[in-house]
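Trainee: One structure coming up, written as structure tokens, with questions to follow.
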Amino acid sequence: MKVQKFGSASIATVDKIKEVADIVVKDNGNIIVLSSMRGTAEALTEISDYLYKKNQEGAIEIINGLEKQYIELVDSLFENGESKKLAHELLISKFDYIRTFTKDLFTLFEERVVLAQGELISSELFYLYLLDKKVNAVLIPALEFMRTDKNSAPDPVYIKDKLSALLEESKDADLYITQGYICKNAYGEIDDLRKGGSDFSASLIGVAVNAEEIEIWADVDTMQNNDPRYVKATAPIRQLNFDEAAELAYFGTKILHPSSILPAKLADIPVRLKNTQYPDAAGTLISNKTEANVIKAVGARDNITAIKIKSGKMLLAHGFLRKIAEVFENYQTSLDMLATSEVGVSLTIDDDRNLQAIVDDLKKYGTVSVDPDMVIVSVIGDLESQDSGISVDIMGAMKEIPVRMLSYGGSRYNFSFLIYKKDKERTLQILNDKLFN
């Protein structure tokens, strides 16, 4: 059994829904996890915002507009008159229910109920479409098995027991459809899985059923060993271990969030990233297996700010680094790279919203200089420090590029450089040519 998760963009239009249906009917016995359709979560969030502000008129206007979009989708998706009628009845029921929240007090509890309707609508419409195509599918509501505990953490024992029972009740089905992201909490209230929600759902479901593989399908290109917008002769990454994938996530690989597939990593269940545009392509397999001493990718992150604090008096004083770190903690700003010397500390951040306030506070501890608009470039792969050859190859490739900072040793999977923006494209092309070709 596999778990196949499809994101919002994958089911955004009539044609895409049909493409996903073609993909899932190729194999029997799989569990299909669906996000809400693209734009729905944003619309439901806007509705909730109006209701918090007690602007019922504004909320109803958004509700009516969203309902109209779904009616147009249903009219194009279903050809069978009876199936179309059922789909229309579903939409009337869901949107009438959402309208009931414009009449009463609106709190966080009601907001979560409203937001959950996106996944419920998409999964039920997809289920009706499969039935219309004579597919032996069963709808398994996530709210009946996906639960979090009092600490808002998933309850794996409950999930496994309830899901196993639901699957056993419909063991003759060819496909099982359920929702991502939504759940119930320890108090029986509708809730959600927060960050990486639908991917997290797929990972938890995969562990609960001991799936052979978890497939995360997206309507984007599979992972590349570089950004094809800047670099010629790039190629998809075919295999990563979970730690390499986590390193790449920082560089804008938004197919998944590392924490969302942690249950799969711990259960040793491979996760495969697939592209609905190229369903027959192998995609990228993420597992606990490591290809020793192999470079997998080069990533770049823009809009980095470098900050240098120079202090001959205080650097060797006890607690100096702690005081520096506390400044950033006070402004909820994460540090990326960090380098020290006898007289200074250099570090980078990717969030400059509180930059001026941070600099003002840092001036208590030394002379501060700021370099904005920098770029972090990282080489990702198994870079075990005992193999000096790989580090020599990387440094040799960078000999023509001015490097502001470098980081190596914090992770065996990451060798990072801080460079000036003007050198980004040349750096990526050089690394791609010398490390992969």
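Trainee: Name the residue from Val74, Ile98, Phe6 whose Cα lies farthest towards the positive end of the charge dipole of the range 2-219, charges +1 on Cβ of Lys and Arg and -1 on Cβ of Asp and Glu.
Mentor: Ile98
Trainee: If you build the Cα gyration tensor of the range 80-221 and take the root of 5 times each eigenvalue, what three semi-axes come out, in whole angstrom, biggest first?
Mentor: Numbers: eigenvalues 112, 109, 39 Å².
After diagonalising the Cα gyration tensor, the semi-axes are 24, 23, 14 Å.
Trainee: State which helices in the chain qualify, where a helix is a whole DSSP H run, it must extend 24 Å or more along its own axis by its Cα atoms, and its mean Kyte-Doolittle hydropathy must be at least -0.5.
Mentor: Values: long enough: 56-77 (31 Å, 0.03); 81-99 (27 Å, -0.43); 108-132 (37 Å, 0.67).
Answer set is 56-77, 81-99, 108-132.
Trainee: For the pairs Lys5/Lys133; Lys5/Lys289; Lys16/Lys421; Lys5/Lys421, flag any whose C-alpha to C-alpha distance is greater than 26 Å. Please report the intermediate quantities before stating the final value.
Mentor: Values: Lys5/Lys133 20 Å; Lys5/Lys289 22 Å; Lys16/Lys421 37 Å; Lys5/Lys421 37 Å.
Flagged as over cut-off: Lys16/Lys421; Lys5/Lys421.
Trainee: Mind jotting down the three principal axis lengths of the range 295-436 based on Cα atoms? Whole angstrom, largest first.
Mentor: Its Cα atoms span 46, 30, 25 Å along the three principal axes.
Trainee: Using a Gaussian network for the chain with springs between C-alpha atoms less than 10 Å apart, which of these wobbles most: Tyr127, Tyr176, Tyr278?
Mentor: It is Tyr278.
Trainee: Under a cut-off of 15 Å between alpha-carbon atoms, report the aspartates and glutamates in cross-link reach of Lys2, not counting same-chain residues fewer than 8 places apart.
Mentor: Output for Lys2: Asp27, Asp174, Asp199, Glu212, Glu213, Glu215, Asp268.
Trainee: Let me ask you something else. GNM on the chain, C-alpha springs below 10 Å: top fluctuator among Leu383, Leu355, Leu51?
Mentor: Between Leu383, Leu355, Leu51, it is Leu355 that shows the largest mean-square fluctuation.
Trainee: A further question on this structure: Across the range 341-352, in residue order, what do the Karplus-derived ³J(HN,Hα) couplings come to in whole Hz, using 6.51 cos²θ - 1.76 cosθ + 1.60 with θ = phi - 60° and x for Gly and Pro?
Mentor: 9, 5, 10, x, 10, 10, 8, 10, 9, 10, 10, 9
Trainee: Next question. Of the residues Ser346, Ser391, Ser334, which exhibits the maximal mean-square fluctuation in a Gaussian network model of the chain defined by a 10 Å Cα contact cut-off?
Mentor: Ser334
Trainee: If you don't mind, there's one more thing I want to ask. In Å², and per residue, what accessible area does the chain have when probed at 1.4 Å with the other protein chains present?
Mentor: Values: 20750 Å² over 437 residues.
That works out to 47 Å² per residue.
Trainee: What is the percent carbon and sulfur in the accessible area of the chain, measuring with a 1.4 Å probe over the protein chains and ignoring ligands? It would help to have the intermediate numbers written out before the result.
Mentor: Numbers: 10140 of 20750 Å².
With neighbouring chains kept in place, the figure for the chain is 49 percent.
Trainee: Moving on to the next point. Using only helices, what value at 222 nm comes out for the chain when you add -39,500 (n - 2.57) per DSSP H run of length 4 or more and divide by the total residues, to the nearest 500 deg cm²/dmol? Show your work: numbers first, answer last.
Mentor: Details: 13 runs with 172 residues, N = 437.
Result for the chain, helices only: -12500 deg cm²/dmol.
Trainee: Which whole-number percent is the relative contact order of the range 83-212 (Cα, under 8 Å, 6+ apart)?
Mentor: Working: 150 pairs, mean separation 32.4, N = 130.
Taking the mean separation of contacting Cα pairs over the length of the range 83-212, I get 25 percent.
Trainee: To continue, here is another question. Taking 7 Å along the Cα-to-C-beta vector as the label spot, tell me the His257-Asn55 distance in nanometres, rounded to one decimal.
Mentor: Rounded to a tenth, the inter-label distance reads 2.7 nm.
Trainee: Next up: Report the equivalent ellipsoid semi-axes for the chain in whole Å, largest first, defined as the square roots of five times the eigenvalues of the gyration tensor built from alpha carbon atoms.
Mentor: So the equivalent ellipsoid measures 44, 27, 20 Å along its semi-axes.
The values are calculated or read from the model by the stated rules, or taken from the named source; none is laboratory data. Predicted, not measured: the structure shown is a model, and the values here were computed from it. Because the Cβ atoms are built from the backbone with ideal geometry, glycine has one as well, and the counts that use them run over all protein chains shown. For the accessible areas, the whole protein counts, side chains as well, though only heavy atoms, and no ligand, DNA or RNA atoms are used. Shrake-Rupley method; radii C 1.70, N 1.55, O 1.52, S 1.80 Å.
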